[in-house]
Amino acid sequence: QVQLVESGGGLVQAGGSLRLSCATSGSIFSRNVMGWYRQAPGKQREWVAEMTSGGTTTYTASVKGRFTISRDNAKNTVYLQMDSLKPEDTAVYYCAVRQLIHTYWGPGTQVTVSS
């Protein structure tokens, strides 16, 4: 089993920054993909960014150039640095770990960007 806990969410003004962290524990394999998703009110959960254990990163177009995903493999922790935040970034942010055929989810952390 794998457990994930996000932290770092909060309320920020447009143009501001937040850094999300996701600590994992349990059976973490050396090869996996760690990522971030978000779900805004009334919308479906959407993929935001991910990073492989080898260091390859990908981003959804709306956050490219503003968000940076990173990970500490020794700590099995993944981060999301969010800069130049916009009101449309308001959502519950979830981290996820994908290894083999399983995907594990954290409970989420709220990010609210005021205009």
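The values are calculated or read from the model by the stated rules, or taken from the named source; none is laboratory data. These numbers were taken from a predicted model, which means no experiment stands behind them. Counting neighbours? That spans all protein chains shown, and the Cβs are built from the backbone with ideal geometry, glycine included. With ligands, DNA and RNA removed, areas are computed over all heavy atoms of the protein, side chains included. Shrake-Rupley method; radii C 1.70, N 1.55, O 1.52, S 1.80 Å.
What to note about this one:
- 3 or more residues closer than 17 Å to Val2 by Cα: qualifying strands (runs of 3 or more DSSP E) within region 25-69: 33-39
- When Ser84 is tested against the conditions (1) part of a strand (DSSP E or B); (2) of a type outside the set (A, V, I, L, M); (3) within 14 Å of Arg19 (Cα to Cα), the lone failure is (1).
- Search result, residues across region 70-115 that are surrounded by fewer than 12 Cβ atoms within 10 Å (Cβ to Cβ), more than 22 Å from Leu4 (Cβ to Cβ) and among the acidic types (Asp, Glu): Glu88
- Conditions (1) surrounded by 14 or more Cβ atoms within 10 Å (Cβ to Cβ); (2) farther than 19 Å from Gly8 by Cβ; (3) not aromatic (Phe, Trp, Tyr): number failed by Gly55: (1)
- Residues that are of a type in the set (D, E, K, R), open to solvent by less than 80 Å² (accessible area, probe 1.4 Å) and part of a strand (DSSP E or B) are absent from region 7-19 altogether.
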